[in-house]
Amino acid sequence: MRLPSRTPLLSSRTMRLPHRAGPYVVDGALAALVLFAVSLQFLFPDEDGDPLSWQGFLLGAGTAVPLIWRRRAPFLCASAVSCATPAMAVYHAPPPDVAYGGLVVLYTVAAYSDPIRRRVMLVGWMIGASATMAMKEHAEPFEYAFHLLSLLSAFGFGVLARTQRAYTAALEERARAVERERANDRARAVASERARIARDMHDVVGHAVSLMVVQAEAGPVVVRSNPARAEAAFDAIAGAGREAMQQLRLILGVLTDTGNGRSGGLEAPVPGLARLPDLIRQVSASTDVTVTLDITGPPRPLGPETETAAYRIVQEALTNTVKHAYAARADVQLDWGERELAITVTDDGTGGGAPGPDAGRGLVGIEERAAACGGSARSGPGPHGGFRVTARLPVAHRPAAERAP
């Protein structure tokens with residue numbers, strides 16, 4: 001009853017055995033084949049040929065049996081066969097018709113050994129074969145050509161095998177390097193996308209919360225003395241909250257994008273310079289900071305990412321002004337040039353612009369946004385006091401036909 005349950009176990013062990021002993025099995029079969037070729041002189045002796053003896057057979061076996069370890073110790077195996085082959089020729093009972101073992105070990109040494117051992121073994125076999133044929137065999141000239149070319153051919157096949165193996169290893173290493181580079185690219189893309197989403201979250205939430213905090217602090221003060229202003233403050237809080245929720249839906253829609261071109265059914269507009277006047281009116285109406293917008297030069301086309309970056313840079317600069325600068329006025333200036341858009345946000349505050357860690361992250365986000373678009377950004381004290389944020393963003397190139405009058 002237990003026999004069927006033990007049969008799969010025996011079968012799995014039997015199947016794993018060739019995998020573990022695969023090289024030994026192949027090399028053992030090769031050694032047996034060489035031994036069979038050497039034994040043909042005993043199985044079919046010539047009537048007028050050299051005498052046969054068991055000592056000669058054992059020497060012939062010495063040229064075949066070491067081949068079992070030819071890939072584990074190629075030079076040691078070649079040395080053993082190199083000793084047995086001339087001994088068999090000198091003993092001459094019988095001499096080897098063809099150095100089968102020598103052909104195999106020359107191939108093996110050429111394929112697996114270092115350059116010095118390869119050259120030593122090749123030169124040794126060429127000299128040994130020539131000396132043996134000259135002193136013991138009294139070979140004809142064509143026999144020299146046959147045996148020496150056979151040895152050179154075996155060595156050449158080994159060189160080709162080594163070259164092919166090295167080429168294959170190089171291709172595999174290159175494939176692994178490409179895969180590692182792809183993984184690094186994916187990691188960098190993920191990190192870049194996370195940084196972008198973090199900047200968007202910071203800008204959206206920071207701006208909206210700053211406006212709501214300012215209005216919430218002013219509301220209780222004027223709720224009895226100026227009900228209309230209190231009502232406007234609460235309206236501003238609600239408007240800032242709705243704006244923040246709309247932008248958060250857009251960001252979350254990107255995170256939940258299923259790859260079919262729809263981001264969870266959300267179609268919130270991407271902020272750009274066209275919405276900049278609304279932003280300035282919102283800040284002016286919701287806070288005690290008077291914000292002005294000044295535009296010089298003819299507007300030029302910007303890339304979508306640059307449009308969003310320009311809007312976010314102004315938004316974050318005004319958020320820092322409202323939260324930290326204690327300013328009464330802020331000026332936003334857009335200077336359109338031939339190759340770039342210069343953005344300058346200046347306030348007349350005394351808070352230094354970025355005293356806290358939150359504001360510091362906002363200024364770092366401004367620099368990151370500008371750099372991601374191929375531009376630059378700087379921030380620091382203004383020339384006449386207050387705080388100033390400047391950014392330079394590249395303008396999209398237009399075809400010559402569009403630039404023509």
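Within the stretch 323-347, work out how many residues are assigned to a loop (DSSP other than H, G, I, E, B), touching a residue at least 40 places away in the same chain (Cβ under 8 Å) and open to solvent by 30 Å² or more (accessible area, probe 1.4 Å).
Selection size over the stretch 323-347: 3.
Taking Met135, is it open to solvent by less than 70 Å² (accessible area, probe 1.4 Å) and assigned to a helix (DSSP H, G or I)?
No, not satisfied.
With (1) touching a residue at least 40 places away in the same chain (Cβ under 8 Å); (2) open to solvent by less than 40 Å² (accessible area, probe 1.4 Å) as the list, and Val105 as the residue in question, which single condition is left unmet?
Of (1) touching a residue at least 40 places away in the same chain (Cβ under 8 Å); (2) open to solvent by less than 40 Å² (accessible area, probe 1.4 Å), only one is false for Val105: (1).
Say we look at the stretch 375-384 and pick out the residues that are open to solvent by 40 Å² or more (accessible area, probe 1.4 Å) and in a strand (DSSP E or B); which of these is nearest to Gly272 (Cα to Cα)? Don't jump to the end; show me each part of the working.
Of the residues in the stretch 375-384, the ones open to solvent by 40 Å² or more (accessible area, probe 1.4 Å) are 376, 378-379, 381, 383-384.
From what's left, in a strand (DSSP E or B): 376, 378-379, 381, 383.
Details: Ser376: 18, Arg378: 21, Ser379: 22, Pro381: 27, Pro383: 29 Å.
Of everything passing the filter in the stretch 375-384, Ser376 is nearest to Gly272 (Cα to Cα).
How about the stretch 64-81: which of its residues are open to solvent by 30 Å² or more (accessible area, probe 1.4 Å) and over 15 Å from Ala37 (Cβ atoms)?
Listed by number, the residues that qualify are Ile68, Trp69, Arg71, Arg72, Ala73, Phe75, Leu76, Ser79, Ala80.
Looking only at the stretch 54-63, which residues are crowded, with 17+ Cβ neighbours inside 10 Å, touching a residue at least 24 places away in the same chain (Cβ under 8 Å) and assigned to a helix (DSSP H, G or I)? Please lay out each step first, then the result.
Residues of the stretch 54-63 crowded, with 17+ Cβ neighbours inside 10 Å: 56-57, 59-63.
Pick out the ones that are also touching a residue at least 24 places away in the same chain (Cβ under 8 Å) and you get 56, 59-63.
Selection gives Gly56, Leu59, Gly60, Ala61, Gly62.
Within the stretch 258-277, can you find the residues that are open to solvent by 70 Å² or more (accessible area, probe 1.4 Å) and modelled with pLDDT of 55 or more?
Listed by number, the residues that qualify are Val270, Ala274.
Residues that are under 48 Å from the mean Cα position of the chain (by Cα), within 21 Å of Leu76 (Cα to Cα) and in a loop (DSSP other than H, G, I, E, B): does the stretch 106-115 have at least one? Before the answer, list the steps.
Our first condition is that a residue be under 48 Å from the mean Cα position of the chain (by Cα); within the stretch 106-115, this holds for 106-115.
Retained after the next criterion (residues that are within 21 Å of Leu76 (Cα to Cα)): 106-115.
After this cut, where a residue has to be in a loop (DSSP other than H, G, I, E, B) as well, the list is 113-114.
The answer is yes; a qualifying residue exists.
Under 6 Å between Cβ atoms, at least 6 apart or on separate chains: pull out the pairs that start in the stretch 64-88 with a residue that is under 14 Å from Val120 (Cβ atoms) and end on any residue that is buried (at least 22 other Cβ atoms within 10 Å of the Cβ).
Correct list of pairs: Pro74/Thr108; Pro74/Val109; Ala78/Val105; Ala78/Val109; Ala78/Met121.
Which pairs have Cβ atoms under 9 Å, sit 6 or more apart or on different chains, and link a residue in the stretch 272-296 that is under 17 Å from Val213 (Cα atoms) to one that is among the acidic types (Asp, Glu) and in a strand (DSSP E or B)?
Going by the 9 Å Cβ cut-off, the qualifying pairs are Val289/Asp347.
Working only within the stretch 278-309, note down all residues that are open to solvent by 50 Å² or more (accessible area, probe 1.4 Å), over 26 Å from Val190 (Cβ atoms) and either part of a helix (DSSP H, G or I) or at pLDDT below 65 (or both).
Residues satisfying the conditions are Asp278, Arg281, Ala285.
Looking at (1) over 24 Å from Asp27 (Cβ atoms); (2) open to solvent by less than 60 Å² (accessible area, probe 1.4 Å); (3) touching a helix residue (DSSP H, G or I) at 6+ places or on another chain (Cβ under 8 Å), find the lone condition where Glu143 falls short.
Single failed check for Glu143: (2).
Return yes when Thr350 is modelled with pLDDT under 80 and touching a Phe, Trp or Tyr at 6+ places or on another chain (Cβ under 9 Å) and no when it is not. Reasoning before the result, please.
Values: modelled with pLDDT under 80: yes; touching a Phe, Trp or Tyr at 6+ places or on another chain (Cβ under 9 Å): yes.
So Thr350 fits the description; yes.
Scanning the stretch 122-148 for residues that are farther than 18 Å from Pro86 by Cα and not charged (D, E, K, R), which turns out modelled with the highest pLDDT? If you could, list the steps in order and put the result at the bottom.
Kept after step one, since they are farther than 18 Å from Pro86 by Cα, are these residues of the stretch 122-148: 140-142, 145.
Then keep just the ones that are not charged (D, E, K, R); that gives 141-142, 145.
On the way: Pro141: 74, Phe142: 74, Ala145: 79.
Among those that are farther than 18 Å from Pro86 by Cα and not charged (D, E, K, R), it is Ala145.
The values are calculated or read from the model by the stated rules, or taken from the named source; none is laboratory data. This one's a predicted model, so the numbers in the text were calculated from it and none came from an experiment. Reconstructed Cβ throughout: ideal geometry from the backbone, glycine too, with neighbour counts over all protein chains shown. Heads up: the accessible areas ignore ligands, DNA and RNA and are worked out on the full protein's heavy atoms, side chains in. Shrake-Rupley method; radii C 1.70, N 1.55, O 1.52, S 1.80 Å.
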